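The structure appears below as structure tokens.
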Amino acid sequence: MENKEAINNIYIGSHVSLNAPDYLLSATKEALSFGANTFMFYTGAPQNTIRIPVSRFKIKETKELFKKYSINSDKIVVHAPYIINLANTVDSSKFDFAVSFLRQEIKRVSELGFKLLVLHPGSHLGLGSEIGCKRVVEGLDLVLEDDDSNVLICLETMAGKGGEVGRTFEELAYIISHVKKSERICVCLDTCHINDAGYNVDDIETILNDFDKIIGLEKLKVLHINDSQNPIGAHKDRHANIGKGTIGLKTLQKYIFHPKLKEVPKILETPYIDSKPPYKEEIELLLKS
Ligand code: FE
Ligand code: FE
Ligand code: ZN
């Protein structure tokens with residue numbers, strides 16, 4: 001009972017898989033089976049860049065299901081593959097590939113009728129975050145140069161492992177403010193990543209105030225709700241199941257129920273338990289006050 005009332009006012013879901021032959025239609029059914037009203041998916045395998053045309057994704061049937069269950073397309077999240085690196089200054093062919101892949105990815109997201117594309121800013125490969133951030137700005141300018149869609153690139157807050165750019169709000173603010181079409185760049189805040197980056201996740205008021213001062217809260221378009229296997233500042237990025245990590249259920253619930261985060265879709269990316277998705281149980285747990 002409590003759950004149903006709560007979910008009416010909250011956009012919550014998880015990462016779901018996109019599989020042949022029904023692609024987006026089966027992904028949507030998977031999300032619904034978790035009691036979710038939104039979800040996140042990769043347009044193909046997250047670890048590679050092979051993509052089939054979205055015309056095969058069963059868009060029409062999916063949109064009918066969206067209508068039936070009042071799913072809001074504006075809250076659906078697409079995650080770009082994490083192997084592309086827009087911060088790469090070492091190998092320009094890899095940087096060029098990231099740019100052209102992202103141009104195509106934005107077209108796919110737009111064709112599907114979605115708006116939110118989450119992107120890991122990339123790795124500076126040991127050259128320092130200043131060089132990395134500048135390269136990301138250069139890359140995003142190229143990606144958006146000839147693009148007039150309304151897709152928002154949501155840069156994800158990163159844990160800071162292995163030269164990751166985007167470990168601090170300041171780095172993300174730098175990138176956003178230097179991109180020409182800065183209105184197209186937003187942020188995805190991952191609770192596990194900011195914990196591992198050194199932020200005290202439990203102090204949500206400080207987190208949101210800092211975010212607002214440094215980036216602007218209106219830029220926060222996606223939340224990744226994950227517990228962490230590691231203590232604050234570990235720079236590790238190992239997700240834990242809800243309530244089973246160092247962040248804890250009570251703290252994560254602050255992000256689910258905070259009035260300033262009401263419009264922001266909340267996506268779980270916690271690990272499978274015994275090869276099964278834990279999302280139905282974890283969504284229930286999070287919504288229980
Ligand atoms: Fe991510
Ligand atoms: Fe994430
Ligand atoms: Zn992560």
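The values are calculated or read from the model by the stated rules, or taken from the named source; none is laboratory data. Not measured: the values here are computed from a predicted model. Ideal geometry is used to build each Cβ from the backbone, glycine not excepted, and the neighbour counts take in all protein chains shown. We work out accessible area using only protein heavy atoms, side chains counted, and drop any ligands, DNA or RNA first. Shrake-Rupley method; radii C 1.70, N 1.55, O 1.52, S 1.80 Å.
Brief remarks on what is shown
- Whether a residue is touching a His at 6+ places or on another chain (Cβ under 7 Å) and either surrounded by 14 or more Cβ atoms within 10 Å (Cβ to Cβ) or farther than 23 Å from Asn226 by Cα (or both) was assessed, and Tyr42 passes this test.
- Note on the range 118-151: residues that are part of a helix (DSSP H, G or I) and open to solvent by less than 10 Å² (accessible area, probe 1.4 Å) total 7.
- Scanning the range 163-212 for residues that are under 16 Å from Leu261 (Cα atoms) and in a helix (DSSP H, G or I) yields Thr191, Ile204, Glu205, Thr206, Ile207, Leu208, Asn209, Asp210, Phe211, Asp212.
- Listed by first and then second residue, the pairs with beta-carbon distance under 6 Å, at least 6 apart or on different chains, first residue in the range 107-123 and touching a residue at least 12 places away in the same chain (Cβ under 8 Å), second open to solvent by 10 Å² or more (accessible area, probe 1.4 Å) and among the basic types (Lys, Arg), are Leu116/Lys221.
- Tally of residues being closer than 23 Å to Val201 by Cβ and open to solvent by 60 Å² or more (accessible area, probe 1.4 Å) across the range 157-178: 5
- Members of the range 239-268 that are part of a loop (DSSP other than H, G, I, E, B) and in contact with a Ser or Thr (Cβ under 7 Å, 6 or more places away or on another chain): Asn241, Ile242, Gly245, Thr246, Ile247, Pro265
- Just one of the listed residues (Ile83, Ile153) is within 16 Å of ligand 1 (Cβ to nearest atom), modelled with pLDDT under 95 and at negative phi, namely Ile83.
- As for the range 96-114, it holds no residue that is open to solvent by 10 Å² or more (accessible area, probe 1.4 Å) and within 16 Å of ligand 3 (Cβ to nearest atom).
- Sole residue being in a loop (DSSP other than H, G, I, E, B), farther than 28 Å from Ala31 by Cβ and among the hydrophobic types (A, V, I, L, M, F, W, C), chosen from Ala159, Ala87, Ala98: Ala87
- Residues of the range 247-268 that turn out to be in contact with a helix residue (DSSP H, G or I) (Cβ under 7 Å, 6 or more places away or on another chain) and either acidic (Asp, Glu) or more than 15 Å from ligand 2 (Cβ to nearest atom) (or both), as a count: 7
- Selected residue (only one of Asn209, Asn226, Asn200 is modelled with pLDDT of 95 or more, within 13 Å of ligand 2 (Cβ to nearest atom) and either closer than 24 Å to Phe114 by Cβ or open to solvent by 30 Å² or more (accessible area, probe 1.4 Å) (or both)): Asn226
- In summary, Cys154 fulfils each of the numbered conditions (1) in a strand (DSSP E or B); (2) open to solvent by 60 Å² or more (accessible area, probe 1.4 Å) with the single exception of condition (2).
- Tally, over the range 70-87, of residues that are touching a helix residue (DSSP H, G or I) at 6+ places or on another chain (Cβ under 6 Å) and either open to solvent by 30 Å² or more (accessible area, probe 1.4 Å) or within 16 Å of ligand 2 (Cβ to nearest atom) (or both): 3
- Cβ pairs under 7 Å, 6+ apart, first in the range 236-260 and under 11 Å from Thr270 (Cβ atoms) and open to solvent by 80 Å² or more (accessible area, probe 1.4 Å), second acidic (Asp, Glu) and within 16 Å of ligand 3 (Cβ to nearest atom): Lys244/Asp227
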